[in-house]
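Report on the structure given below.
Just so you know, all these numbers are worked out from the coordinates, no wet-lab data involved. Note that the structure is predicted; figures quoted are calculated from it, not measured. Here the Cβ positions follow ideal geometry from the backbone for every residue, glycine too, while neighbour counts run over all protein chains shown.
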Amino acid sequence: MGLLPTEGKFFDYFEQLSEKIEEGGLLFSTILDEFATSEGRLTRIKEIEKEADKITLGIYQNIVFCDFDARPRERSVVVQVMGV
């Protein structure tokens, strides 16, 4: 089994996600330092989290799980008819 990105922008998602993590971390640090005046910042940190979630979803959607199973198979259909 292997993991292969389906698009070239797959790795760009990681760059975007790291930027969101950094932005969220800096904002969280500011919130801790200035908690009394952090109401607007709390709203922004929720927005950053939602943006990061979308980026993470994009990463997952660009991963293709490859499992090459080339074994030959014999298939048959079994039907049982029951009468009254």
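For the stretch 2-66, the dipole from Cβ point charges (+1 on Lys and Arg, -1 on Asp and Glu) about the Cα centre works out to 220 debye, to the nearest 20.
Loop-located GluC sites (Glu not before Pro) in the stretch 11-66 (DSSP state other than H, G, I, E, B) with a sparse environment of at most 11 neighbouring Cβ atoms within 10 Å: Glu34.
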